[in-house]
Every structure is written in C-alpha cells, then in structure tokens.
Amino acid sequence: MTQYQVPSSRTKQFPSNQQPIWQKDKTSNWVVNTHLPVSYKIVESEDLFDIENQNLLFLDCNPPKPPIRRLVVIDERVYSLYGERIHKYFHAHAVEHHVLPLPISEQHKTMDAVFQILEALVKFGIVRRHEPLIGIGGGVLLDIVGLAASLYRRGIPYIRIPTNLMALIDASVGAKTGINFLGYRNRIGTYYPPIAAFLDKTFLQTVDTRHISNGLGEILKMGVVKDRKLFELLEEYGEQLVEEKFQGSGVPNLVIQRSIEGMVEELEPNLWEKQLDRLVDFGHSFSPLVEMRALPELLHGEAVALDVLFSSILSVQRRLLSAEDLERIIRTMKLLRLPLSHPLFCDSILLSEALEDTIRHRNGLQRLPLPISIGYANFFNDVTFEEIDSAASKMKQLQF
C-alpha cells in the first residue's frame, strides 16, 4: 500500500520566495442558486368528517397504502364538540391515530405548546413524508401546528382544518406560522405552507356569534381596500351573515369565496413577503401591539376592524377617503357587531409606539395602506404623530 506523508515545515524547508500552495492567501466564492416549488390545495369540503368523505385519506388522488396513520392536534373545545365524530371517522377507515387536544388562546400561543406537539410527534413515531400532521382548530392552533411541523426533522407535511371563520378565510390561506413572544404577536415564526387546507363551514354552526363577527373583521379589511363588491355584500347582508353563521348557500358562499380569492391574489405572487407594500397588511399597522396589550379583552378580528376604522379616519383627515365612505364603514361595522372604539385606540402614545414597531417589521418604512375609496387603497410613509393624535381623538368620540 502506498504511504502518503503530509509535508511538514520540520521535514522540508522552502526557499523564502517559494510558498507551498496550501499556504497561499486565496479566497474562493460560491453562489448557490436554487428554487423551492410551492404548491398547496385550498379545498372546500363540506362535512369533512362524514364517513363518505375521503379527502383526508386521498391526498394525492391515489389509494393510500396501509397502514394509514395520522396524528391530530386539536383545540380542546373543538374536541369536546367533535371528538367522538373524528374518532368514528378514522376507525371507519381503519386509520391508526392519536389525538392531542390542547387548550388554545392567544396566551397559549407559546413555545410550550410547540414543544407539546413536538413531543407527541416523537412518541407517535411519525413517518417523515407520508403521514401528515393534522391541525384542527382556529388560527392560533393552526399557527402553532404549522410552526411545529416546520421544525420537526426540519419539516414534515401538515394539513390545516379551520374551525372558525377567522381561520377559514385567513389562517388557512397563507404560509405563515408563528407564536407570540415577549408581549409581541407572532414575533417568532416561519413561512411553511401546508400540503392542504380543507374548508368546512359546517363547523361554524357551533361557533358563537362574537367569533363570527371576529372573522368578519378580516373580511371587512379586504372589502375596504380591495373588493368593493365584497364590501357591498357585507353592507347589505352583514346582519344576516352573523345571525345565520354563514350556513346555507348563495351569499355566505360568495362572501367566503371572494374573501379567499382576494387573499390568494395578494399572497401567491408574494408568499415570502419579498415585497413589503402589502394590501393584506391593512388593519395590521396599529392593531398587533394594541391587541397584545388588550388581552384577553380584544379578539384578533376585532382589533383588525378597529385598525381599519382608525386608518380610515386618517385617510379622511388627509382628504383621501370621503366622509360618506367613512360613514358606510361605520354602519357596516355596526351590522357586523364589531366594536367601534377601545380605550387603547384612543391612546396616541401607544398608537405611535405600535406604528414604530410596524416600521421595523416593514424594513424601515411605514408602508401604511390607506383607503382612497371603498375597494381601493394607496401606500403612505409620512403619517405624523399629530395625525395619529387627531385620529385618536375622533376614535374617542365613537365610544359614546
């Protein structure tokens, strides 16, 4: 066998004008160019846990190979309502499964919840690519499940099943995951889309009317800055949508479809937020910090709706949005049973702090979407404290 010996300065001396190649000062550079194709399904699937509905089994249009196994993470309240039916569904299809119910609220949106899911993944012994994790619940739970899925073995597939209106038209559509941290909303997270989201509005039958209104806060946002027809549907049928909880066909389905189509149009070309001027950020300029400071008093959609109103007042002050359009927004919010004011939205110091944090999130600029008429908006970077203070005073008047 040939023996190789690494030259050593002890065994060989080089002339002062001749340096060995491994001692030369040489810099190398590599550029790695790669693309990550992303494709996921958002599927309307009414009565998802009916025995005849096999959407959860035939994810790739091919018969699954036994054994079929599923780990399910579910909001514990949803589990109390639907747990028996879920177990019956999986048993009927011979699916080996484990269900992990979790207490869920904004206060529970922490790494502790993520670690509980990660521990369950280890104990279940989930197969990395062919046994998708299933999350069933509202937006908070789906965000937590998505973050856990993105971290476990550096990424496993997962499925979103939203059970309230907010999650159905918002959390189910995009790629974001996240948890709250140090008093800030969704401060830790990833972009990690599911392989599928199944939208079953029959779950809304057991959602209280406040949480229906909460989801309508996000739908209102899209109507005000992007979709005039959607706003007009809320204006005409908002009270009925709240009372009937989006059951039946016709207008309820149309409102959901337009909401999701609008979100997809905005998110698909900018899923990783390379472009930070985003219409979907309307209602999220002041509300994130206010919402966290108001916990548990304000729900997410309520805080978004208050931000929509506050931003609309800013726009009227700039003579962009008409006073008549502002009145239409206020009337529609009343029909949707959304709050018109809150003490923290009257605190100009806090609102300025909230905007400063948003500026950091938007890479140094306000990038503030303001409506210029119902269904249309522009972006602004020069809103002043004086404008915020004046708008806060007007919000205070709406308390009475």
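Brief remarks on what is shown
- Taking label points 7 Å from Cα along the Cα-to-Cβ direction, Ile349 and Ser373 give a separation of 4.1 nm.
- Compactness of the chain, taken as the C-alpha radius of gyration over 2.2 N^0.38 Å, stands at 1.20.
- Choice from Thr209, Thr27, Thr190 with maximal GNM fluctuation in the chain (Cα, 10 Å cutoff): Thr27
- Dipole magnitude of the chain, debye to nearest 20 (Cβ charges: Lys/Arg +1, Asp/Glu -1, about Cα centre): 1920 debye
- Net length gained if the chain between Leu118 and Arg210 were fully extended (0.36 nm per residue, minus Cα distance): 29.9 nm
- Cα convex hull of the range 303-351, projected area averaged across orientations, nm²: 3.4 nm²
- Cut-off under 5 Å, modelled amide H: who pairs with Gly375 long-range: Val225, Lys226, Asp227
- For the pair Gln366 and Arg153 in one chain, pulling the backbone fully straight at 0.36 nm per residue adds 73.0 nm over the alpha carbon distance.
- GNM flexibility winner over the chain from Ile188, Ile169, Ile329 (Cα, springs under 10 Å): Ile188
- The range 176-322 shape via C-alpha gyration tensor axes, a/c threshold 1.5: rounded
- For the range 223-302, projected area of the alpha-carbon convex hull averaged over all directions, nm²: 6.6 nm²
- Within the range 159-195: backbone nitrogen closer than 19 Å to the Gln257 label point (7 Å, Cα to C-beta): 168-170, 173
- Volume per residue that the Cα convex hull of the range 254-301 spans, once the total is divided by residue count, Å³: 93 Å³
- In this rough spin-label picture, where each label sits 7 Å from Cα along the Cβ direction, the Ser39-Glu236 distance is 3.8 nm.
- Cα-derived Rg to Rh of the range 122-184, Kirkwood definition: 0.99
- Sites Asp50 and Ile188 - FRET efficiency at Förster radius 35 Å, r taken between beta-carbons, to 0.05: 0.40
- Share, in percent, of DSSP beta bridges within the chain that are antiparallel, nearest 5: 25 percent
- Between Thr27, Ile68, Ser312, the Cα set farthest toward the positive side of the dipole of the chain (charges on each charged residue's Cβ, about the Cα centre) is that of Thr27.
- Each label point was placed 7 Å from the Cα along the Cα-to-Cβ direction; for Thr202 and Arg293 their separation is 4.4 nm.
- Helix 209-225 axis, angle to the chain major axis (alpha carbon atoms, nearest 10°): 80 degrees
- Once backbone amide H atoms are built at 1.01 Å from N, Ile42 has Ala197 as its partners under 5 Å, excluding neighbours fewer than 5 places away on the same chain.
- Kirkwood Rh, angstrom, the range 135-256 [1 / mean 1/r, Cα pairs]: 15.2 Å
- Over the range 241-400: Kirkwood hydrodynamic radius from C-alpha pairwise inverse distances, Å: 16.5 Å
- √(5λ) per eigenvalue of the Cα gyration tensor, the range 303-394, largest first, Å: 21, 16, 12
- 23 Å Cα-Cα reach of Lys245 towards lysines, excluding residues that sit fewer than 8 places from it in its own chain: Lys201, Lys221, Lys229, Lys334
Every read-out reported here was derived from the displayed coordinates using simple, explicitly stated rules and does not represent laboratory data. What you are looking at is a predicted structure, and each value in this text was computed from that prediction instead of being measured. All Cβ positions, even for glycine, are placed from backbone atoms using ideal geometry, and neighbour counts span all protein chains on display.
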